[in-house]
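Before any comments, here is the structure.
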Amino acid sequence: MKIEPISVTELNRYMKEKVAGDEFLNHVYVRGEISNFKNHYTGHMYFTLKDENSLIKCIIFKSYAEKLKFMPKDGMKVLLLGTVSVFERDGVYQIYGKAMQEDGIGSLYTAYEELKAKLEKEGLFDPSHKKPIPQMPLRIGVLTSNTGAVIRDIINVSTRRNPDVQIRLLPVPVQGEGAAEKIVKAIQTMNEQKLADILILARGGGSLEDLWPFNEEIVARAIFASDLPIISAVGHETDFTIADFVADLRAPTPSAAAELAVPNKQDLILKLQNLENRSKIALKKKTEFMRMRYEKCMTRRVFKEPMQMIEEKYLWVDMRKKRIQNAVMQGFQRKKGSAMEKIAKLDALSPLKTLTRGYSITKLGNKVITRASDLKKDDEITLTFLEGETKAKVL
Amino acid sequence: MEEKEMKQELNFEEAMKRLEEIAQELEKGDLDLDQSVKKFEEGMALSKKCNEILQEAEKRITILIQEDGEIKEENFVPTED
C-alpha cells in the first residue's frame, strides 16, 4: 500500500474541517482555572484554561470580551462557553469563547435568591417582627472578629458617643467553613445568658463568598429567634445579606451600627434637662396663674368688706318690711273707708231713721201695711214708733 | 444582677417617655394646681432616676471567652493591624 504524502496545510485543514463538523465541539461548556491571561490592546483576550492535569488555549474576541461582567485574571475559576476550533497556522486547537462567568458565583446567587424568597414568604423579614431598638441599652453585645477594623471602628464610635459605654465582644469567625454555626451559637449564648441589651452583628466588606455565612439559613433563623434586638452591619453599604433583611435594624456600616446602638450620652443629658426645665416653667406658669386668680378673687368686695354685704341685706329686709306694712295699712284704710260709706248708706236707709222724724210703722200681725186698702174695719193693728209700740183699732 | 439591670434599662425608656408626657401635660395647663404639683414631683423623680442611670455606668470594654461551656470576661483592647 502506497501512501501519498500531503502537506501540513492540508492536514491542518482536514483537522479543522473534522472538528468543525462535530456538533459537540461546536458548543462546549468548560470549567477551569485561568492562567497566562493577556488582555490584548486590540480588545481580544488570550488565556489558558487548566485543571490539575491538563490545559487548553482560549481566545475571546473583542465583541464577546466587551460583554463580560467581570475582568478575568489569573487563578480565577471560570465557566467558559464557546466553540472548539483548529488554528491552522499553528496546528493547535483552542476554544473560541463567547461567554464566561465566575465559577461558583452563579450558584451562590441562585441560593441567595431562593433563600431570600423562601424566608420572605415565611414572614421573617416582616416589619411586625422587628423589635424596637432600646434608647439607652446598658451593654452593647458585639458579634464579630476580634481582630481588624470592624471592632475597632465600633469601639471608637461607641466611646465617642458615650464615654462610659459598656461593650461585650463575643468573637466569631466572619467567613469560611463553620462560621455560620459559630455565629448562630454566639447569638444563642448572648440570649440565653442575657449578656447584653442589644447585639451588633458585623463584618467588613468582602466578596459574595466571603459574606456567605451571613446568607445562611441557620444564621437568619437565629437572628429571627433572638429576643435581644439585633443590628446588622455586614459588608459595604451596597451589600445586602439575608442577615440584614432579618435583623431588627440594618446599618450600612459597622460604624453606623455603633451610632444606632449607642445613644449619645450628652444628647440624653440635654434632653433630660430640657424636659425638666419645661416642666418647671409650666408649673411656675400654672402657680402664677392660680395666684393671679386668687388675688383677683380677694379684691372682690365680699372679701374686702364682708359686713357691707350683711348691712345691705338688713337694708333690703327693712325695705321689704316697710313695704309690707304700707301695703297692709293701705288695705286696711281702704276697707275702713268702704265700710264707713256702707254704714252711712245703711244708716240713711234704716227705718229707725225715718221713725226719728215722726213716722211710724203699721203692722197687721207681722205684715207691714203700706196700703190703706189692706186694712178693714176693726182690724187690730200694731203701731211701732221710734220708742215703743201700741195697739190700735181701725175705725 | 442581670435581671435588675435589664429592668433599669427598660425603666430608662419608660421614665423618659413618661417625663415627656408630663412636660406636655403641664404645658397644656389643663390640670388643677394639686394635680400639676403631683405631676411635677413625679417628673422630677423620673428625671433624677434617668440621670442616675446615665451616670451609673462606667466604661467597660470586654471580650467574652468561652472555655468548657463557661464564659470568662476579660478586658479587651483592639489590636492594631
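The values are calculated or read from the model by the stated rules, or taken from the named source; none is laboratory data. The shown structure was predicted, so the numbers you read here are calculated from the model rather than taken from an experiment. Using ideal geometry, Cβ is built from the backbone for each residue, glycine included, and neighbour counts are taken over all protein chains shown. Note: accessible area is taken over every heavy atom of the protein model, side chains too, but ligands, DNA and RNA are not part of it. Shrake-Rupley method; radii C 1.70, N 1.55, O 1.52, S 1.80 Å.
Can you name the residue in the stretch A:168-180 that is open to solvent by 10 Å² or more (accessible area, probe 1.4 Å) and part of a strand (DSSP E or B) and is also farthest from A:LYS194 (Cα to Cα) among such residues? Among residues in the stretch A:168-180 that are open to solvent by 10 Å² or more (accessible area, probe 1.4 Å) and part of a strand (DSSP E or B), the one farthest from A:LYS194 (Cα to Cα) is A:PRO171.
Among the residues of the stretch A:9-28, are any under 60 Å from the mean Cα position of the chain (by Cα) and open to solvent by 60 Å² or more (accessible area, probe 1.4 Å)?
First, the residues of the stretch A:9-28 that are under 60 Å from the mean Cα position of the chain (by Cα): A:27-28.
Still in the list and also open to solvent by 60 Å² or more (accessible area, probe 1.4 Å): A:27.
Yes, that holds for at least one residue.
Please go through the stretch A:111-148 and pick out each residue that is facing chain B (nearest Cβ under 9 Å), surrounded by fewer than 16 Cβ atoms within 10 Å (Cβ to Cβ) and either among the aliphatic types (A, V, I, L, M) or free of Cβ contacts under 8 Å to residues at least 24 places away in the same chain (or both). Passing the criteria: only A:THR147.
Residues in the stretch B:30-44 that are of a type outside the set (Lys, Arg) and surrounded by 13 or more Cβ atoms within 10 Å (Cβ to Cβ): B:LEU31, B:LEU33, B:GLN35, B:SER36, B:VAL37, B:PHE40, B:GLU41, B:GLU42, B:GLY43, B:MET44.
Only one of the listed residues (A:ILE218, A:ILE183) is modelled with pLDDT of 95 or more, open to solvent by 20 Å² or more (accessible area, probe 1.4 Å), under 22 Å from A:GLU120 (Cα atoms) and part of a helix (DSSP H, G or I). That residue is A:ILE218. Give the residue that is nearest to B:LEU64 (Cα to Cα), with candidates limited to residues of the stretch A:157-175 that are touching a residue at least 12 places away in the same chain (Cβ under 8 Å) and more than 9 Å from every other protein chain (Cβ to nearest Cβ). Per the stated criteria, the residue is A:VAL172.
Within the stretch A:160-167, is even one residue acidic (Asp, Glu), closer than 19 Å to B:ASN75 by Cβ and either open to solvent by 20 Å² or more (accessible area, probe 1.4 Å) or part of a helix (DSSP H, G or I) (or both)? So far as the stretch A:160-167 goes, yes, one or more of its residues are acidic (Asp, Glu), closer than 19 Å to B:ASN75 by Cβ and either open to solvent by 20 Å² or more (accessible area, probe 1.4 Å) or part of a helix (DSSP H, G or I) (or both).
Give the residue that is nearest to A:GLN135 (Cα to Cα), with candidates limited to residues of the stretch A:258-290 that are among the small types (Gly, Ala, Ser) and in contact with a Leu (Cβ under 8 Å, 6 or more places away or on another chain).
Selected residue: A:SER279.
Residues in the stretch B:55-81 that are surrounded by 13 or more Cβ atoms within 10 Å (Cβ to Cβ) and of a type in the set (Gly, Ala, Ser): B:ALA57 only. Looking only at the stretch A:96-142, how many residues end up being farther than 20 Å from A:ALA202 by Cβ, in a strand (DSSP E or B) and at pLDDT 90 or above? Number of matching residues: 5. Keeping to the stretch A:353-376, report how many residues are loosely packed, with under 10 Cβ neighbours inside 10 Å and either aliphatic (A, V, I, L, M) or under 60 Å from the mean Cα position of the chain (by Cα) (or both). Total satisfying the criteria: 1.
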